[in-house]
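Below is one structure, written out as structure tokens; comments come after it.
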Amino acid sequence: MTTLRTDPNSGQPVFRFAPSPTGMLHIGHAYSALLNQKLARETDGRLLLRIEDTDTTRCRPEYEQAILEDLDWLGITFDEPPLRQSDHFPTYGNAADTLREKGLLYPCFASRSQITEAVAEIEASEREWPRDPDGSPHYPGIWRGAPKAEVEERIAAGEPHAWRIDMARALEGLSESDLAFEEYPDETATRTAAQFRDPSVWGDFVIVRKDSPASFHLAGVVDESLQGITDVVRGQDLAQATALHRLLQHHLGLEPPRYRHHRLITGTDGVKLSKSRGSLGLSALREAGHAANDIKARLGFIG
Ligand code: GLU
């Protein structure tokens, strides 16, 4: 039996499934939810649901409804009512204030095309410019260290802006052990190992979006703590983002949960599934006559 950290309030490990209502759930999400359910059951833990709807431009209530129906169909039940992130924007605002007060965030007024242009200019002079793990170029620092008066004037005039982390400053004086966390080496491992992932691979990443009072990263980190999550079990596509999350936890004084990044279920053509790829959507499979147990068996949770 593994040694598991427990939620001090309940004495049990606490897992979560945290979908974003930007589309329909597919078989990859089913795998993640079923794995969390299995681990919660095996450890006598609890399972919570979090609806990650901070992206107000892409999230829709009808997708949230569909997610709830799909999870119900799969027989996944949760131990508390869902936490909807859009109900907690002030909490994320407070966390952003803490980071601002520490001088770790700066406002950025640049548009996407201005950023693209600045990167193209750097690359035209034959300098290679770093990409983050998702393939986007690092922010070229346009507004880092901008004159205070100009920044204040623009903010006072209501000019839309994001808040970026000043990565160099956020890492100042930190050692790898300050950012260490426990991670299960793979999805079946029963023991964690100390892990360090380097957040600087993300550059000056957006922490508070222009069009939303938080980002997925900031809200998620705050909510792991708010929900007392002891075990974050999610896809490998988020393994690198954990570096950024651990850095935010450090600066917000939050205890890191343990992490487990599971394999990604791919479509028959080996392509990572996305919500827009309809064919392996759970509701489409259900409508095509598949039973929930067929899906569970196909994913290795039965038989
Ligand atoms: N909301 C994210 C997604 O749907 C998952 C976030 C997480 O598990 O930490 O991809």
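The values are calculated or read from the model by the stated rules, or taken from the named source; none is laboratory data. Model, not experiment: these values are computed from the prediction. Here the Cβ positions follow ideal geometry from the backbone for every residue, glycine too, while neighbour counts run over all protein chains shown.
Looking across region 218-237, just one residue is near the ligand (Cβ under 10 Å from one of its atoms), surrounded by fewer than 20 Cβ atoms within 10 Å (Cβ to Cβ) and either modelled with pLDDT under 95 or not in a strand (DSSP E or B) (or both), and that is Asp237. Looking at region 123-214, the strands (runs of 3 or more DSSP E) lying wholly inside it that each contain 2 or more residues that are under 20 Å from Pro107 (Cα atoms) sit at 162-165, 206-208. The residues on offer are Asp70, Asp55, and the sole one that is among the acidic types (Asp, Glu) and crowded, with 20+ Cβ neighbours inside 10 Å is Asp70. Using the structure shown, decide if Pro81 is farther than 27 Å from His251 by Cα and surrounded by fewer than 17 Cβ atoms within 10 Å (Cβ to Cβ). Taking the combined requirement at face value, the residue satisfies it. Set side by side, the residues Leu244, Leu254 differ, and just one is in contact (Cβ under 8 Å) with a residue 24 or more places away in the chain, within 13 Å of the ligand (Cβ to nearest atom) and hydrophobic (A, V, I, L, M, F, W, C), which is Leu244. Within region 285-303, the residues that satisfy the criterion of being in contact (Cβ under 8 Å) with a residue 24 or more places away in the chain and assigned to a helix (DSSP H, G or I) are Leu285, Arg286, Ala292, Ile295, Lys296, Arg298.
When Gly173 is tested against (1) surrounded by fewer than 16 Cβ atoms within 10 Å (Cβ to Cβ); (2) at negative phi; (3) at pLDDT 95 or above, just one condition goes unmet, and that condition is (2).
Let me confirm something: among Ser279, Ser274, which residue is at pLDDT below 95, closer than 25 Å to Met24 by Cβ and within 11 Å of the ligand (Cβ to nearest atom)? Matching residue, one of Ser279, Ser274: Ser274.
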